[in-house]
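Okay, structure first, notes after.
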């Protein structure tokens, strides 16, 4: 939503798409991603943990499953098409790999991976 703060948008998204409420977010980085010559997006990467129940918004998410970091790394390497381009780049950044993400500002929060 126009004028919405990054953290508010992230919390709203967690609630709307996953049913996760009242979760503290830890900012990791403010990033810039370029999709085309004149198509740049600024965003934030957060980490969070929740012990609450996850309820998928079936209109937004077809399926989901919990997997290990090792599984994500293997899928990213062997089947990158399973990820959206932006998700793949964010995972690469989290794993310390070369990425197209430009970090504008990194916070002191740990990546946790």
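Each value in this text was obtained by applying a stated rule to the coordinates, not by laboratory testing. What you see is a predicted model; the values in this text were computed from it and never measured. Quick reminder, even Gly has a Cβ in these numbers, built from the backbone with ideal geometry, and neighbours come from all protein chains shown.
Ranked by the mean number of other Cβ atoms within 10 Å of their residues, highest first, the peptides 39-45, 28-34, 3-9 fall in the order 28-34, 39-45, 3-9. Look at the alpha carbon pairs under 8 Å that are at least 6 residues apart: their mean separation over the length of the chain gives a relative contact order of 30 percent. With Cα atoms defining each centre, the range 1-43 and the range 64-113 are spaced 16 Å apart in the structure. When peptides 83-92, 63-72 are sorted by average Cβ neighbour count within 10 Å, with the highest value leading, the order is 83-92, 63-72. Distance distribution note for the range 6-106: the fraction of Cα pairs above 19 angstrom is 53%. Judged by the mean number of other Cβ atoms found within 10 Å, the most tightly packed of the peptides 17-25, 46-54 leads the ranking 17-25, 46-54.
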